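The values are calculated or read from the model by the stated rules, or taken from the named source; none is laboratory data. The structure displayed is predicted, hence computed values, not measured ones. All Cβ positions, glycine included, derive from the backbone under ideal geometry; neighbour counts span all protein chains shown.
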Amino acid sequence: MTGTAPTGGPNAALPGRPAQMGQYPRASHLIAHLSDTHFLGTGADGSGRLLYDAVDTDSTVHRAMAQLEASGLDIDALVFTGDIADRGEPDAYRRVRDIVEASADRMGATLVWVMGNHDERAAFRTELLRLEAHDAPVDRVVDVNGLRVVSLDTSVPGYHHGEVTTDQLAWLRDVLSEPTEHGSLLALHHPPVPTALPLMTILELRDQTALAEVLVGSDVRAILGGHLHYATTGLFAGIPVSVAAATCYTIDAAAPPRQLTGVGGGQSINLVHVYADQVVHSNVPLGAFDVVTRFDPAYLDRMEGLSPQDRLEAFSRHAAQPAG
């Protein structure tokens, strides 16, 4: 029995399914990676206090959630890599939880919270995870449709640098001993990458060699981190590392030497697309910006109906492009 190919050729769109117009099929998973919300408890008027008397952390998290929801993207999980509450206050955790959980529910996304150096383990457990209070490291495994997200607590109570204990390394080795269908993402607060900011080196993750020994040869495909308050990337134990900038305020990585400067701009989130053989991290600034050009959905519909060669011609430099 012979069928008729869709108009435009074998790679054109089928009913109810977009055409694959490039070399890669659609990502199996999409993760929104956010970090360093630094919520404070409420003031006398019942509203959230300003961080450093300047930063409205409530509004930045609301903005991040609204932006993700408005995108219409099919987000599988929201991963917050630590410093959720600036001082570990229970009501700060409750307020950020209420904002984020409601948004995650509307998007149908799994929620993953990771401990940071500003967080307090007992309140983190009771208010964010709804578990009994405990002071042990908050290490967890979350399955996201066959993608394993491992949350590793690198916090050291009372300090701001990071450590992973021998017991935690043994736990992690056991967790990673069996690979999963789509591999693993390791989410931690203190990223195992260098920073060029001298003061931040004091607060780095200690004894990274021991962690590397556990990760080499595992199915960990990417490491998600926070802590630095600026977006950056690196490589650790042969695994790509992606650091999300903070949603509260960012640190100026281009400030004069020997100076550490926090600024009220540059906040962003990362989108993590997981493909069969790659993990791609895209940085998305928070906020609304002027549109300078746009191709609307109707144009994409037209492209999907064309053959691969016709698409190249339609998008060539000598073809007329839609205005605006």
Next item on the list: Using the structure shown, decide if residue 277 is more than 16 Å from the chain's Cα centre (by Cα), more than 19 Å from residue 60 (Cα to Cα), exposed (fewer than 14 other Cβ atoms within 10 Å of the Cβ) and assigned by TED's automatic domain parsing to the domain that holds residue 38.
Entry: yes
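Looking at the stretch 225-279, what strands (runs of 3 or more DSSP E) fall wholly within it and have at least 1 residues that are of a type in the set (Phe, Trp, Tyr) and touching a residue at least 12 places away in the same chain (Cβ under 8 Å)? Even if it seems obvious, please write down each step before you answer.
Details: elements: 232-236, 239-243, 268-274.
Strands (runs of 3 or more DSSP E) meeting the threshold: 232-236.
Condition check: small (Gly, Ala, Ser), over 22 Å from residue 279 (Cβ atoms) and touching an Asp or Glu at 6+ places or on another chain (Cβ under 6 Å). Does residue 146 satisfy that?
Criteria not met by residue 146.
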Next item on the list: Would you please name the residue that is modelled with the lowest pLDDT, looking only at residues in the stretch 112-135 that are part of a loop (DSSP other than H, G, I, E, B), of a type outside the set (S, T, N, Q) and within 19 Å of residue 83 (Cβ to Cβ)?
Entry: 135
Notebook entry, point to check: Given 205, 211, which one is of a type outside the set (Ser, Thr, Tyr), in contact with a Gly (Cβ under 9 Å, 6 or more places away or on another chain) and at pLDDT 95 or above?
Noted result: 205
Check: If only one of 156, 193, 164 is under 28 Å from residue 28 (Cα atoms) and either modelled with pLDDT of 95 or more or more than 19 Å from the chain's Cα centre (by Cα) (or both), which one is it?
Finding: 193
Check: Does the stretch 287-308 include one or more residues that are surrounded by 12 or more Cβ atoms within 10 Å (Cβ to Cβ) and part of a strand (DSSP E or B)?
Finding: no
Item checked: Output for the stretch 3-37, where each listed residue is surrounded by 13 or more Cβ atoms within 10 Å (Cβ to Cβ), farther than 28 Å from residue 286 by Cα and either modelled with pLDDT under 70 or β-branched (Val, Ile, Thr) (or both) -> 6, 8, 9, 11, 12, 13
Check: Which members of the stretch 74-88 meet the condition of being within 21 Å of residue 203 (Cβ to Cβ) and surrounded by fewer than 24 Cβ atoms within 10 Å (Cβ to Cβ)?
Finding: 86, 87, 88
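State yes or no: is residue 296 free of Cβ contacts under 8 Å to residues at least 40 places away in the same chain and not assigned by TED's automatic domain parsing to the domain that holds residue 230?
Working: free of Cβ contacts under 8 Å to residues at least 40 places away in the same chain: yes; not assigned by TED's automatic domain parsing to the domain that holds residue 230: yes.
Judged against the criteria, residue 296 is a match.
Considering each of 271, 211 in turn, give the residue that is touching a strand residue (DSSP E or B) at 6+ places or on another chain (Cβ under 8 Å) and buried (at least 20 other Cβ atoms within 10 Å of the Cβ). Talk me through it step by step, then tell me what you get.
On the way: 271 fails: buried (at least 20 other Cβ atoms within 10 Å of the Cβ).
None of the others qualify; the one that does is 211.
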